[in-house]
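None of the figures in this text is laboratory data; all of them are computed from the coordinates on show. Predicted model only: the values in this text are computed from it and were never measured. Because the Cβ atoms are built from the backbone with ideal geometry, glycine has one as well, and the counts that use them run over all protein chains shown.
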Amino acid sequence: MDLQLNGKKALVSGSTKGIGLAIATALAREGAHVVVNGRDRDSLAAALKQIANALPGASVEGFHGDLAHVEEVDRLRRHLPSLDILVNNLGIYEPKPFEEISDEEWLRFFQVNVLSGVRLARAYLPGMKEQNWGRVLFISSESAIQIPAEMIHYGMTKTAQLAVSRGLAETCAGTGVTVNALLPGPTRTAGVDGFVAKLSGGTSFADFEKEFFRTVRPASLLKRFATPEEVASLAVYVCSPLSSATNGAALRVDGGVVRACF
């Protein structure tokens, strides 16, 4: 299927690893010019090299900067005045008991997970409306609906992303611009591998995975961690012209963890 993305200019924030890198790679595979973003120079270089090795001739560039900070968003805008596609993937998470989450941590999570996407949308949405075409996608989480007791501050930010994305979609009514949110479920990224290593007590990943979906996420229909590429497949479709009737939606790619039928 031709997703008609050839020549489209796309930015994926926080895209040196995991879901972000998978989305950036999939967009490049479809012919888009992709800006990969990261705050660590070595990780950014490694991500660009990985895409180049997988897709010789792909149109990619890197932007080094922490887009959780307003001055870095301003610098990006000067470097990249316009976009066709904005994927707000930048985010952090950390399991922590509610009683131990300080005010500073609540604000940090909101700053990184929510305000980064708000600022980027504010920078690029007007240009998309002016050209009457664009795609904005927030990478939220199933934790937006099923708030995890061990990461309430994270869940709060993921729910906030749903509100922001739906509200922005309302401002694009009648245009060729869409704004949506994606809700991945448990996904096997490098961060999850590290998380599992800390919690498993030496148990193999396969055994941990089996126990995790038996006791922690028993509602899962997939019964395993999704791959970043499985999430990216839906993300890239939503970023394409073919998805023009999908707008203001919270799209689940959660492996069936969420039992609600909406």
State the extension gain, in nm to one decimal, for the chain segment bounded by Gln4 and Asp40, taking 0.36 nm per residue of separation less the distance between their alpha-carbons. 9.8 nm
Against the globular-protein guess of 2.2 N^0.38 Å, express the Cα radius of gyration of the stretch 53-156 as a ratio, rounded to two decimals. 1.27
Cα extents of the stretch 143-262 along the three principal axes, largest first (Å): 54, 28, 26
Helix-only mean residue ellipticity at 222 nm for the chain, each DSSP H run of n ≥ 4 adding -39500 (n - 2.57), per residue, nearest 500: -13500 deg cm²/dmol
If the cut-off is a Cα-Cα distance under 27 Å, which lysines reach Lys49, setting aside same-chain residues fewer than 8 apart in sequence? Lys8, Lys9, Lys17
As a test, work out the antiparallel percent of DSSP beta bridges whose residues both lie in the chain, rounded to the nearest 5. 0 percent
Order of 237-244, 12-19, 30-37 by packing, highest average Cβ count within 10 Å first? 12-19, 30-37, 237-244
What the 10 Å binned alpha carbon P(r) of the chain shows, as percent of pairs per bin from 0, is 7, 30, 38, 20, 4, 0
Sorted by chain and then number, the residues having a modelled amide H within less than 5 Å of the amide H of Val177, at least 5 places away or on another chain, are Gly134
Between the stretch 57-95 and the stretch 229-254, what is the C-alpha centre distance in whole Å? 20 Å
